[in-house]
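The values are calculated or read from the model by the stated rules, or taken from the named source; none is laboratory data. Note that the coordinates shown come from a computational prediction; the quantities given were computed from them, not determined experimentally. Note that we place each Cβ from the backbone using ideal geometry, even for glycine, and neighbour counts take in every protein chain shown.
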Amino acid sequence: MDTQIAVICSNEFAKRVKTIETELSSIKLQYYIYRNPQEAAALIAQIKPCDAVFFSGSLPYFYAKKNCDELPIPTHYLK
């Protein structure tokens, strides 16, 4: 079974990750794109069932932290 990861990021970050996505054979990424990091909190409500949430940086994570505390899955961000 594949690991499903919700990726909350900008469009530019998603483009970069998609270039290596084929190398992640047992991981499926679901992208949730924001135009500015403040939108990250609202994207939490749109996440489909997954195994983890990954933020493209500390700023979007900061804005969504309160919402993340209510999730039953791990959340991580790129430092």
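Restricting A42, A6 to those that are closer than 23 Å to F62 by Cβ and free of Cβ contacts under 8 Å to residues at least 24 places away in the same chain reduces the list to A42.
Selection of the range 40-79 for residues being exposed (fewer than 15 other Cβ atoms within 10 Å of the Cβ) and either assigned to a helix (DSSP H, G or I) or among the aromatic types (F, W, Y) (or both) yields A42, S58, L59, K66. Consider the range 1-26 and keep the residues that are assigned to a strand (DSSP E or B) and aliphatic (A, V, I, L, M). The one that is nearest to E39 (Cα to Cα) is I8. Within the range 18-52, being touching a helix residue (DSSP H, G or I) at 6+ places or on another chain (Cβ under 7 Å) and not aromatic (F, W, Y) holds for L29, I33, P37, Q38, A40, A41, I44.
When the range 1-45 is filtered for residues that are among the polar types (S, T, N, Q), modelled with pLDDT of 95 or more and in contact with a strand residue (DSSP E or B) (Cβ under 9 Å, 6 or more places away or on another chain), the ones remaining, listed by number, are T3, Q4, S10, N11, Q30, N36. Just one of (1) farther than 16 Å from T3 by Cα; (2) under 13 Å from the mean Cα position of the chain (by Cα) fails for R35. It is (2).
Note on the range 16-39: among residues that are free of Cβ contacts under 8 Å to residues at least 12 places away in the same chain and of a type in the set (S, T, N, Q), the one that is surrounded by the most Cβ atoms within 10 Å (Cβ to Cβ) is N36.
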